[in-house]
1. So how many residues does region 196-209 have that are under 12 Å from T169 (Cβ atoms) and under 14 Å from the mean Cα position of the chain (by Cα)?
2. Got a sec? Which of M314, M336 is in contact (Cβ under 8 Å) with a residue 40 or more places away in the chain and either charged (D, E, K, R) or more than 27 Å from T213 (Cα to Cα) (or both)?
3. When only residues in region 73-99 that are under 19 Å from the mean Cα position of the chain (by Cα) and either at pLDDT 95 or above or of a type in the set (V, I, T) (or both) count, which is farthest from G401 (Cα to Cα)?
4. Would you check if there is a residue in region 240-255 being aromatic (F, W, Y), under 15 Å from V412 (Cβ atoms) and either outside the structural domain of G401 (by TED's automatic domain parsing) or surrounded by 23 or more Cβ atoms within 10 Å (Cβ to Cβ) (or both)?
5. Name the one entry in E275, E328 that is surrounded by fewer than 22 Cβ atoms within 10 Å (Cβ to Cβ), closer than 29 Å to A410 by Cβ and in contact with a Lys or Arg (Cβ under 7 Å, 6 or more places away or on another chain).
6. Confirm whether P303 is in the same structural domain as V385 (by TED's automatic domain parsing) and part of a helix (DSSP H, G or I).
7. What about N10, is it without any contact (Cβ under 8 Å) to a residue 24 or more places away in the chain and either among the basic types (K, R) or within 30 Å of K420 (Cα to Cα) (or both)?
8. For region 149-180, give me each residue that is crowded, with 20+ Cβ neighbours inside 10 Å, farther than 16 Å from R106 by Cα and touching a residue at least 40 places away in the same chain (Cβ under 8 Å).
Amino acid sequence: MDKIRIYGGNELNGTIEISGAKNAALPLMCAAILSDQPLTFNRVPDLKDVLSLNEVLEQLGVKAQYNSTTKKLILDGGSITSTEAPYELVRKMRASILVLGPLVARMGDAKVSLPGGCAIGTRPVDLHIEGLKRLGAEIELTEGYIRARAPNGLVGASVHFTKVSVGATENVMMAAALAKGTSVLTNAAREPEIVDLGELLIKMGAEIEGLGTDKITIHGKPFLRGTEHTVVADRIEAGTFAIAAAMTGGNVILKNADIRHLQYMIEPMLKAGVELSGDEHHVNVKRLRARLHGVDVMTEPYPGFPTDLQAQMMSMMTVAEGAGMITETIFENRFMHVPELARMGADITVHGSSALVRGVAKLKGAPVMATDLRASVSLILAGLVADGATTVHRIYHLDRGYEDLVGKLAGVGAKLERMKEEAA
């Protein structure tokens, strides 16, 4: 197991290239099940989640060729040999649930394990199930698996999501692309990753209207063709590096980042004393004042402030002047980084779903433990501005969502290294 040691105090200056978005790449990959012709993807990040999903797809019969140097992935679903995604593969990542809609749409049958540790209703898999039922799938839950059947194919229908869900929107969109007739999805998710998936499906031959709004109309087709597609840039990675630049006081250019996908950051960052500017190809990050100022942030579905940047924003508030209130409305248990930041001298008080962060003059380096993907990177950010050395343990979470984090930060002036944990 590895750890990362960060030596704080260095400004970040220069250019960071933003990778393709993990949260876009995974549903795009599942769309390979919808066609018997190959799909070619560019800018696919070299991440554990991508490799894990490749294993799931290969179990189903999809042939995968990935070049980690060129970031090109070719998926060939010409011969689906199995319609079962077993627990031992699905448990590694929740996104595996996204094979359910494409499998039942194309093959008329799917047996997909419930994601590991998932109770129906939490991070709601029930929305996926209800949406597919509306399209005519017969679904039963048995022995930890979702079994979906549609021997005569799916039929277009109106699907209203009782709660905004990115995954459920993606699953139902893909299924509807092969359904007979027209489907209308209301209260649909609006994220750039949803738009990216819709644009791929359009290239494959589907007719889709309303991408980027909460009402998406899909005219199903009897078959979809192969195509080539470039994964949208990772707005969460871009936001993370923007916060890193803000905290250290340097000037950083985020190459490939799209300013349109970071609108939710512009106002709070400006209030804190940081200017974000740019276009659809790059974003410039520049701190405007000697010390950041505390701001209030509430997580919301897109286009609101994303839960996936909440931990990073909290890190930034720990060294800001004054106080900031961080309110989490999307997921419970998403303040697990608070005790670790407190070990570094942060002053944070949690009240239910809100955390009051009172800025301190300086954080102190300390050994800390990563609890999840975004919490991991929030501790790295804190280490960048702490006095002395910070060692982040259990960093395997990072490899799920950040491509070459150490290399990218070192390339703009951070002093940090990835190391092996000493044997016990």
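The values are calculated or read from the model by the stated rules, or taken from the named source; none is laboratory data. Given the structure is predicted, the values throughout are model-derived calculations rather than measurements. Heads up, the Cβs are rebuilt from the backbone with ideal geometry, glycines too, and the neighbour counts pull from every protein chain shown.
1. 1
2. Values: M336 fails: in contact (Cβ under 8 Å) with a residue 40 or more places away in the chain.
So the residue among M314, M336 that is in contact (Cβ under 8 Å) with a residue 40 or more places away in the chain and either charged (D, E, K, R) or more than 27 Å from T213 (Cα to Cα) (or both) is M314.
3. The residue in question is V99.
4. Filtering region 240-255 for residues aromatic (F, W, Y) gives 241.
Going one step further and asking which of them are under 15 Å from V412 (Cβ atoms), we end up with 241.
Those still in the list that are either outside the structural domain of G401 (by TED's automatic domain parsing) or surrounded by 23 or more Cβ atoms within 10 Å (Cβ to Cβ) (or both) too: 241.
For region 240-255, residues aromatic (F, W, Y), under 15 Å from V412 (Cβ atoms) and either outside the structural domain of G401 (by TED's automatic domain parsing) or surrounded by 23 or more Cβ atoms within 10 Å (Cβ to Cβ) (or both): present.
5. Testing whether each residue is surrounded by fewer than 22 Cβ atoms within 10 Å (Cβ to Cβ), closer than 29 Å to A410 by Cβ and in contact with a Lys or Arg (Cβ under 7 Å, 6 or more places away or on another chain) leaves just E275.
6. Numbers: in the same structural domain as V385 (by TED's automatic domain parsing): yes; part of a helix (DSSP H, G or I): no.
Against the criterion (in the same structural domain as V385 (by TED's automatic domain parsing) and part of a helix (DSSP H, G or I)), P303 does not qualify.
7. Details: without any contact (Cβ under 8 Å) to a residue 24 or more places away in the chain: no; either among the basic types (K, R) or within 30 Å of K420 (Cα to Cα) (or both): yes.
Considered against the rule, which asks whether it is without any contact (Cβ under 8 Å) to a residue 24 or more places away in the chain and either among the basic types (K, R) or within 30 Å of K420 (Cα to Cα) (or both), N10 comes out as no.
8. Once the filter is applied, which keeps residues that are crowded, with 20+ Cβ neighbours inside 10 Å, farther than 16 Å from R106 by Cα and touching a residue at least 40 places away in the same chain (Cβ under 8 Å), region 149-180 yields S165, G167, A168, T169.
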